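The block underneath contains the structure these notes are about, expressed in structure tokens.
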Amino acid sequence: MDHFKFRVELVQALLIEHQSESVRKFQGHHSTDKNVPRLDERHFPDRIPPTEKKGRPTKRCVASYKNNRRKETVFWCPECEAALCVEECFKAYHTKLNF
């Protein structure tokens, strides 16, 4: 076995052995664990980038939707890939476990 192949297999074995259950597997889905990256990291709002079909796209705010309100927004958190109202929802989404 050459050195490179050994290193690749070693890294794969370590990743499998020390795999954490708190790692999010799907973007936009949140863990019930208190170790949620969106609460610890620094995220900043940005405008939703234009697409081929929409020059000024909007999306449904995930925090408002969870609270049974329908609100469209032009802002999102690129790190979380979640559309959020800047006025109310962005801060709550990134500071509270159950917003």
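Summary of values
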{"quantity": "Kirkwood-based shape ratio for region 39-99, expressed as Rg/Rh from alpha carbons", "calculated": "0.97"}
{"quantity": "Mean Cβ neighbour count within 10 Å, used as a protection proxy, ranking 76-89, 50-63 highest first", "calculated": "76-89, 50-63"}
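Values in this text are rule-based calculations from the coordinates and carry no lab data. None of these values were measured; they are calculated from a predicted model. Note: ideal-geometry Cβ built from the backbone for every residue, glycine included; neighbour counts use all protein chains shown.
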